[in-house]
């Protein structure tokens, strides 16, 4: 940046201007204002008015907000599914360990409602601990992210608003996800009779899964066959385990996606599409002699011309501003 008086003296534009920024009302007709500005400024060399949506800075910020909105819609459900799966797994194993105690409590008069409420409270305690940690960490990260965006985009101010209803909704959804994960385990407690619960679990009934495929089984080891039989004996558990693993992989891919996308963008833009080290732009179109002069400068290895022309594409009521770039045949930069 330079002082306005110095810049005006260099370009002989003392008291003049070559750019106008206008603030409009919220419900103003932008297209009508653009047309009126074009009529007013065309005699003075105006090249055309355009709205905020065509500004590069607005495009960067809008795309960033769209990305944040997409991440907010995709990542939390994955975390909730993983947490529900973990709650189901932990509570199921806990109920198996406390099987005899559950049967004894039912035998002395405790009803299914009391025992169910006990495990529901246990699930809610686990969920509340996670909610407290998540609320504190989210509040800290929210302030940090807000400060980062304010500094990066040079906002005059950017406020992190702490809404109580947002925390309440997040807590309710988290608690419901934990209870949903514990539903199957708690239902097994309700369906368990006292006499059955106080006895050791019945041994698993084995049956033939791979009948008539003896030659095929010889290609696998005994450990592999045992693992396959175990997976096929409990298909729901196998499905839930595969689902939990896939969600964990999805979290990892989502977390590393931004690094890969930035690396791909840098490689595409700077090493494939725009391979030049310096771009020299002129206010007016120049003759081939200008290209020869640039190519003859010390340190220049290769110079290629190009031309950029702003255009407006219209079709019925649709309109879009674009730039047409032309390069010579065989251009390498």
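The values are calculated or read from the model by the stated rules, or taken from the named source; none is laboratory data. Predicted model, so just to flag it, every value in this text is computed and none were measured. All Cβ positions, glycine included, derive from the backbone under ideal geometry; neighbour counts span all protein chains shown.
Test residue 14 against the criterion of being in contact with a helix residue (DSSP H, G or I) (Cβ under 7 Å, 6 or more places away or on another chain) and not assigned by TED's automatic domain parsing to the domain that holds residue 118, and give yes or no. Judged against the criteria, residue 14 is a match. If you filter region 113-137 down to residues that are under 29 Å from residue 65 (Cβ atoms) and touching a residue at least 24 places away in the same chain (Cβ under 8 Å), you find that the one that is surrounded by the most Cβ atoms within 10 Å (Cβ to Cβ) is 131.
Under 6 Å between Cβ atoms, which residue pairs at least 6 apart in sequence (or on different chains) link something in region 314-331 that is in the same structural domain as residue 304 (by TED's automatic domain parsing) and in a loop (DSSP other than H, G, I, E, B) with a partner that is modelled with pLDDT of 85 or more and exposed (fewer than 10 other Cβ atoms within 10 Å of the Cβ)? Pairs that qualify, where the first residue is in the same structural domain as residue 304 (by TED's automatic domain parsing) and in a loop (DSSP other than H, G, I, E, B) and the partner is modelled with pLDDT of 85 or more and exposed (fewer than 10 other Cβ atoms within 10 Å of the Cβ): there are none. Answer yes or no as to whether residue 21 is closer than 19 Å to residue 311 by Cβ, in a loop (DSSP other than H, G, I, E, B) and either in contact (Cβ under 8 Å) with a residue 24 or more places away in the chain or under 35 Å from the mean Cα position of the chain (by Cα) (or both). When the stated conditions are applied, residue 21 does not pass them. Conditions first: (1) free of Cβ contacts under 8 Å to residues at least 24 places away in the same chain; (2) within 30 Å of residue 84 (Cα to Cα); (3) touching a helix residue (DSSP H, G or I) at 6+ places or on another chain (Cβ under 7 Å). Residue 280 passes all but one, so which condition is the exception? Only one criterion is unmet by residue 280, namely (2). Restricting region 283-308 to residues that are within 30 Å of residue 48 (Cα to Cα), under 43 Å from the mean Cα position of the chain (by Cα) and modelled with pLDDT of 85 or more leaves a set whose member that is surrounded by the fewest Cβ atoms within 10 Å (Cβ to Cβ) is 308.
None of 80, 37, 86, 91 is surrounded by 12 or more Cβ atoms within 10 Å (Cβ to Cβ), without any contact (Cβ under 8 Å) to a residue 40 or more places away in the chain and part of a helix (DSSP H, G or I) except 37. Restricting attention to region 41-67, the residues being part of a loop (DSSP other than H, G, I, E, B) and surrounded by 12 or more Cβ atoms within 10 Å (Cβ to Cβ) number 6. When residue 74 is tested against (1) exposed (fewer than 12 other Cβ atoms within 10 Å of the Cβ); (2) without any contact (Cβ under 8 Å) to a residue 24 or more places away in the chain, only condition (2) is not met.
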